[in-house]
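This report refers to the structure that appears directly beneath it.
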Amino acid sequence: MSKEIGGYVGVNGQILVILSLILLYGVGGYWLIFEVFGDPEVAWFVKVGLPALVIGVTLLFGTALMQRLKAAKTDKYIDVED
């Protein structure tokens, strides 16, 4: 596969992954709010722990993504070929 085609495939793959994560987080957030918080039989630690877990994973993913994007801008090996 040529370098040009491989670059487009990689970028398109990253865009699809990010968009699908946004979609899944949106649907998951909707379900979380209306199903878990609306049910009085759900234990308090689930109502506190589940959002904390989702927020924590989101922050970790966002931090890793931002660091990776920042490092890609200054990659000194960008022109190295196999």
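What follows is calculated from the coordinates using simple rules that are stated; it is not laboratory data. Every value quoted in this text rests on a predicted model; they were computed, and no experiment measured them. FYI the Cβ positions are ideal-geometry reconstructions off the backbone, even for glycines, and counts take in every protein chain you see.
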Once the mean of 1/r over all distinct C-alpha pairs in the chain is inverted, the Kirkwood radius in Å reads 15.9 Å
If one compares the long axis through the Cα atoms of helix 44-73 with the longest principal axis of the Cα atoms of the chain, the angle in degrees, nearest 10, works out at 10 degrees
Calculate, in nm to one decimal, what VAL42 and ILE22 gain on full extension: separation in residues at 0.36 nm each, minus their alpha carbon distance.
4.6 nm
Trypsin sites (Lys or Arg not before Pro) restricted to DSSP loop in region 35-82 with at most 15 other C-beta within 10 Å
LYS76
Using Cα atoms only, what is the angle between the long axis of helix 3-31 and the major principal axis of the chain, expressed in degrees (0 to 90) to the nearest 10?
10 degrees
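Rounding to the nearest 20 debye, state how big the charge dipole of region 3-73 is about its Cα centre with +1 on each Lys and Arg Cβ and -1 on each Asp and Glu Cβ.
Dipole about the Cα centre, nearest 20: 520 debye.
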Only loop residues by DSSP count here, and only those with at most 15 other Cβ atoms within 10 Å; note down the chymotrypsin sites (Phe, Trp or Tyr not before Pro) in region 3-82 that meet that.
PHE37, TYR77
Separation in nanometres of the label points that stand 7 Å from Cα toward Cβ, at GLU81 and ILE33
5.1 nm
When the charge dipole of the chain is computed with +1 at the Cβ of Lys and Arg and -1 at the Cβ of Asp and Glu, the Cα pointing farthest to the positive end, of LEU32, THR58, GLY13, is that of THR58
